[in-house]
Structures are given as structure tokens and as C-alpha cells.
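Below is one structure, written out as C-alpha cells, with a few remarks after it.
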Amino acid sequence: MQQKKILILMSNTGGGHRASAEALKVGFAQCFGDRFRVDIIDLLMDYLPIPLNQLPKSYSFLANDATWLWKLLWESGDYPGLLQFLGEIVPRITEKSVRRVFRQFAPDLIISVHPLVHEIALRPLARMGRRIPFVTVVTDLASIHPLWLHPAVDACYVASDEAYQRALEAGLQPTQLHLFGLPVRPAFATPARPKAILRQELGMHPTLPAALVVGGGEGIGPVAEIAQQIARRLVSRGRAQGQLVVICGSNQRLREKLTDQVWPIPTVINGFVDNMPEWMAACDCIITKAGPGTIAEALSRGLPIVLSGFIPGQEEGNVPYVVNNQVGVHCEDPAAIARIVQRWFGPDQALLQKMARNARQLGHPQATFQIVESIAKLLNVSMVMDEQPEIRKALS
Ligand code: UDP
């Protein structure tokens, strides 16, 4: 059978879009072997003309240091003026560059995992006169920006009931919409190895309950303060009542600062890790900002969540999603977070276990397989039954 070409359009604003794009690529390879060739490109930064290609660089600053401005920009998407600008002017400026991309990759199908690429990709595509299926995989959980929801797509994959409802309101038809979950790395769909073995391999204490503190791919937010408060709280009469794992992501300075400290309980400090499924499986709860990727992964591993903050706009809706589904709590004060963890590891253990069960039920570790299977059908490619028995079993 001739290999089909899939082009995934993303941009590196935060870690989530790339993580989802990579998850889909691995999902295609695991489900279909070499029947698909999948290319992932940063359409905005690597292919658009100046100054538009500089915009993604301002994301980190806006989302972390100028949150009020980010919120303003995010909410301006609700106003027709900006949407009209994006829909009319930007595609005109970028059309030549985008046509070149499509000629270079000659895809049989295009997947967008970024809300800013729809208009600039769909217009030239229509004008080129080639009918190439175009699908959206929404990489946000509950807060969906209107720019995600383009009615001209062949299929749109969303991750929550809230997002599905929002898509219907935006004019997408039920026939276009699929609700499977966020595409997390396929490794999250594999049952975890026993905690004792993982902990030994990862250099953790074998039995003490473990709190995992993370700050997204870039290690942002008050990660250090939270870790210090938890470590202090989890000591009683000189004895450790728990242990700590801190993942600093790409934040090298944070990693150095925490590594230089003396910790009163068993503590492991990491930089960027590429085995998050194992760290999550080895711990008993997670403290994180409301990043959709981390939340979806934590649910897959049955980890109760303390949300220590959120980026205004795109992560805001994830807070009620976690709290209302009783898989965690929202608390931004490091000292109060430490008290919550202390109770979860002490008198409130039953509550922790109940939230862990809720999390397992709410998680969609198979979402990546379901999404790639559904996308492949648009190109009339089906999974060969006896080729992938493990995945088949997971999907059934
Ligand atoms: N991540 C990782 N290694 C690290 C830190 C983070 O693989 O050391 C991954 C994490 O598992 C998740 C993504 O980075 O898949 C972070 O996505 P999220 O949506 O939570 O936050 P963002 O970084 O996009 O703001």
C-alpha cells in the first residue's frame, strides 16, 4: 500500500501543542506502522514572513509576566473585530508562504493542533483547488478559544463535554465532532509497572507517600515555595511523613536552586524528564499549574491534583473541570497547599483514594489511539486487526 502523508501544523507556544503533536505521531506509528509518514512543523515560527513569525516568541513573556495583557488578548477573540482581522488580512499576507509549505510537503491530510493556523491554512488550501482533508485536534481541555472552532474542517476532536458544547455553539455539526480526550503520549495508555519497582529505579523512598510538584514544560510558577512548604509540613517529631519529587522542566535556574538545598524529607529534584508516565505512576498526588497536558496525564495515572495556579484565559476553565469532577482542589497559597498534602497523606487518606478513583474514571489514556484511528478512516485506512492486538484490546 502506498504510504500516505500527514502534515501536523503546530506552534511552540507553551509545551502542550508540541506534546500533543508528538503524541499523535507516535500514535500513528504504533497503530499503523509505516503506512503513514507524519511531519510536524511550526507553521508560525518557521514558515511565516516577518513580523508574524516573531509572535509566538512573546507567548512565554505574556503568559508568565504580563498575564493581564495575555488575558486581554485572549478575551479579544470573543470580539468579531479580531476574528475578522485574522480571517481577512493575515491570510492575505501569509498566503504565498503557506502555499509553498503545502507544495513542499504535498500532504494527503492536514492536522491542526494550534488555534492560530486555521484561517491562514484553510484559505490557501481552498484557492489551490486541491481537496485535502483538514482536521483539528483541540489541545485545550475545558477552555476553548473561538479560534479553535473553524466550521470548515472535516473533523474536530475535543477533550471534554464543555469543549464539545462550545463547538456546537460555534456552529460545528455533531457529524464533525468527536469527543475522545486529550491526545496524551501513548505511554500513558500502558498499565504502570508496580510502584515499588518504579521507585527503586527512580531513586525514591520505597514506601513513604509521594507528592509530585511540577510547573509545566517550562517549570513556571511558585514551584520552589510550594516544594519547600510541603517538605517542612511533612516532618513530624523529626520523622518524614512523606517524600517529594520536583520536576523543574526546562527551568535550569530553578533546578540548580533546589538541588543546592538541604531537604528535611527524601526529595528528588529533576530537570526536564522524558519519562513523565513513570514519575506520575510512582507518586500519590500532583501539584501543578492548570496545564491541560499535565492534567490529562495525571488523570490517566489516577493522580489527585492540587492546582496551584492557571494561565488566564486558556487554562481558566480547567480549574472547575478538576474541582467539579472531584479529582482535585484549587489552592494558590504554598502554605495551604502543604497543609492539604499533609492531610491527604494523613487523616484524609480515604479522600485521596476516592479522588484517585475519580481521576482514573475521568482520564482518557486511549484518546490518542482513538483519534488516530478516526483520522485514518478519513483516508480509508483501517487498523489491521491482528497486527495490533494490544492496542485493539485497549480500545475495546
Ligand atoms: N513535561 C515533560 N517533562 C518535563 C516537564 C513537562 O514531558 O520535565 C510535559 C508534561 O508531561 C506535559 C507538558 O510537558 O505533557 C506540559 O503541558 P501542559 O499543557 O501541562 O503545560 P504547558 O507547558 O503547555 O504550559
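Within the range 11-41, restricting attention to residues that are under 13 Å from the mean Cα position of the chain (by Cα) and of a type in the set (A, V, I, L, M, F, W, C), the residue that is farthest from the ligand (Cβ to nearest atom) is 24.
Kindly establish whether residue 208 is touching a Pro at 6+ places or on another chain (Cβ under 9 Å), more than 16 Å from the ligand (Cβ to nearest atom) and part of a helix (DSSP H, G or I).
When the stated conditions are applied, residue 208 does not pass them.
The single condition from (1) under 23 Å from residue 38 (Cβ atoms); (2) without any contact (Cβ under 8 Å) to a residue 60 or more places away in the chain that residue 373 fails is (2).
Of note, residue 247 does not satisfy the criterion of being within 15 Å of the ligand (Cβ to nearest atom), without any contact (Cβ under 8 Å) to a residue 60 or more places away in the chain, in contact with a Lys or Arg (Cβ under 7 Å, 6 or more places away or on another chain) and of a type in the set (A, V, I, L, M).
Which count do you get for residues in the range 310-326 that are away from the ligand (no atom under 11 Å from the Cβ) and in contact (Cβ under 8 Å) with a residue 24 or more places away in the chain? First the steps, then the outcome.
Start the filter on the range 310-326 by keeping residues that are away from the ligand (no atom under 11 Å from the Cβ), which leaves 312-313, 316-317, 319-326.
The next check asks that each one be in contact (Cβ under 8 Å) with a residue 24 or more places away in the chain; those that pass are 312-313, 316-317, 319-322, 325-326.
Result for the range 310-326: 10.
Filter the range 260-306 for residues that are in contact with a His (Cβ under 9 Å, 6 or more places away or on another chain), near the ligand (Cβ under 9 Å from one of its atoms) and outside any helix (DSSP H, G or I) and give the result. Listed by number, the list holds a single entry, 290. When you scan the range 211-224, how many residues do you find that are near the ligand (Cβ under 10 Å from one of its atoms) and either part of a helix (DSSP H, G or I) or at pLDDT 95 or above (or both)? Count: 1. Being in a helix (DSSP H, G or I) and within 21 Å of residue 199 (Cβ to Cβ) is the filter here, so list the residues in the range 234-254 that pass it. Those that are in a helix (DSSP H, G or I) and within 21 Å of residue 199 (Cβ to Cβ): none in the range 234-254.
Pick from 187, 227, 192: which is of a type in the set (A, V, I, L, M, F, W, C), touching a helix residue (DSSP H, G or I) at 6+ places or on another chain (Cβ under 8 Å) and outside any helix (DSSP H, G or I)?
Among 187, 227, 192, only 192 is of a type in the set (A, V, I, L, M, F, W, C), touching a helix residue (DSSP H, G or I) at 6+ places or on another chain (Cβ under 8 Å) and outside any helix (DSSP H, G or I).
Only residues that are within 11 Å of the ligand (Cβ to nearest atom) and surrounded by fewer than 19 Cβ atoms within 10 Å (Cβ to Cβ) were counted in the range 250-259, giving 1.
The condition (being under 24 Å from the mean Cα position of the chain (by Cα), within 16 Å of the ligand (Cβ to nearest atom), at pLDDT below 80 and not charged (D, E, K, R)) is satisfied by just one residue among 55, 44, 62: 62.
The values are calculated or read from the model by the stated rules, or taken from the named source; none is laboratory data. On a predicted model such as this, the values are computed, not experimentally measured, just so you know. Here the Cβ is made from the backbone with ideal geometry for all residues, glycine too, and neighbour counts use every protein chain on show.
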